[in-house]
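Colleague: The following block contains the structure, expressed as structure tokens.
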Amino acid sequence: MSGPAIICVAMTGSLPQKSDNPAVPITLDEQIESTQAAFEAGATLAHCHVRNDDGTPTSNPDRFADLMEGIRRHCPGMIVQLSTGGRSGAGRARGGCIALGPDMCSLSVGSNNFPTRVYENPPDLVDWLAAQMASYSVVPEIECFDLSHLYQAREMWKDGRLPTAPLGNDSSRPPFVQLVMGVRNSLPIDKHAFATMLATQNHLFGRDTPWCAAGIGAGQAVLNDWAAARGGHLRTGLEDNVRLDRHTLAPSNAALVSKAAEIVRRHGRRVATTDEARHILGLKEYVPCQT
């Protein structure tokens, strides 16, 4: 039996709309409420995007600040991870949220194809985002859409460009990588591709290094199952998949988290607590606010 599994909830993303699933949280209040329910269902890490009033994506740091404050108030100890992805903004505007000092931010270290566009992550922007994270003691999660992204992450880690723990902790620890599969025109959810990515992760960073897997679309539960079986951590949520199964829309993020938790238990593991998740990822301990 492997150790406890972190469940990450990606509650809204940049693309899903209520026309895709009425449960998709758009407003800040909806996102906070949805995250709290997912937290109570077992999620210990929240991957966060924010939207404008019309539902379009944005990198507005004020909205990120409000969302982060709400999550921290209603979900004590939950790890807050803000997105620096390219669907919400362009250039350095993508990193405006880093100065807020979340626990983590997502970081894509290379480019790849998306369904209708190229997801551009030029080296100068990647280096700037990583440097900002180092300046504000923010731990990156490396989103790997391609084998080359694992090698780029290792190079950045080895030459010191990639922070992997808050200041004062062990900065020599390998990065936390997320294997992203199922994006159309990128890596499919394929067992051979998964085995290759995981073997490369183990080769570059060590078998004991924590890692996560995110399956986009109908294969979300499949990738959750593979990750749980191999000792990895799981990502779920309406950002990546709006269905509970082929015939049923997911009624909430919490329902998808509960499904992931069932997968974890089926493999003889248990869902990580917030304290365990923070320890696994090398994050600072949660200290309740004094009133």
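The values are calculated or read from the model by the stated rules, or taken from the named source; none is laboratory data. Computed from a predicted model, the values in this text were never measured in an experiment. Using ideal geometry, Cβ is built from the backbone for each residue, glycine included, and neighbour counts are taken over all protein chains shown. The accessibility values were calculated without ligands, DNA or RNA, using every heavy atom of the protein model including side chains. Shrake-Rupley method; radii C 1.70, N 1.55, O 1.52, S 1.80 Å.
Colleague: Leaving ligands, DNA and RNA out of it, rank Y119, Y151 by accessible area with a 1.4 Å probe, largest first.
Modeller: Heavy-atom accessible area, descending, gives Y151, Y119.
Colleague: Okay, moving on. Between (1) 1.36; (2) 0.92; (3) 1.04, which entry matches Rg/Rh (Cα atoms, Kirkwood Rh) as derived from the coordinates of this structure?
Modeller: (2)
Colleague: If you don't mind, there's one more thing I want to ask. Which net charge results when you count Lys and Arg as +1 and Asp and Glu as -1 among the other residues whose beta-carbon is under 11 Å from that of R235?
Modeller: -4
Colleague: Something else: Would you work out the Kirkwood radius for the range 1-119? I mean one over the mean of 1/r across all pairs of different Cα atoms, in Å.
Modeller: 14.8
Colleague: Can I ask one more? Running a GNM on the chain with Cα contacts under 10 Å, which residue among P123, P57, P102 ends up with the highest mean-square fluctuation?
Modeller: P123
Colleague: Additional query: Going by the alpha-carbon gyration tensor, a ≥ b ≥ c the square roots of its eigenvalues, is the range 47-175 rounded (a/c under 1.5) or, if a/c is not under 1.5, prolate (a/b greater than b/c) versus oblate?
Modeller: Oblate shape, in that a/c is at least 1.5 and b/c is the bigger or equal ratio.
Colleague: Let me make sure I get this right: for the range 106-233, a, b and c are the square roots of the gyration tensor eigenvalues over alpha carbons, sorted descending. Under 1.5 in a/c it's rounded, otherwise prolate if a/b > b/c, else oblate. Which is it?
Modeller: It comes out oblate by the Cα gyration axes.
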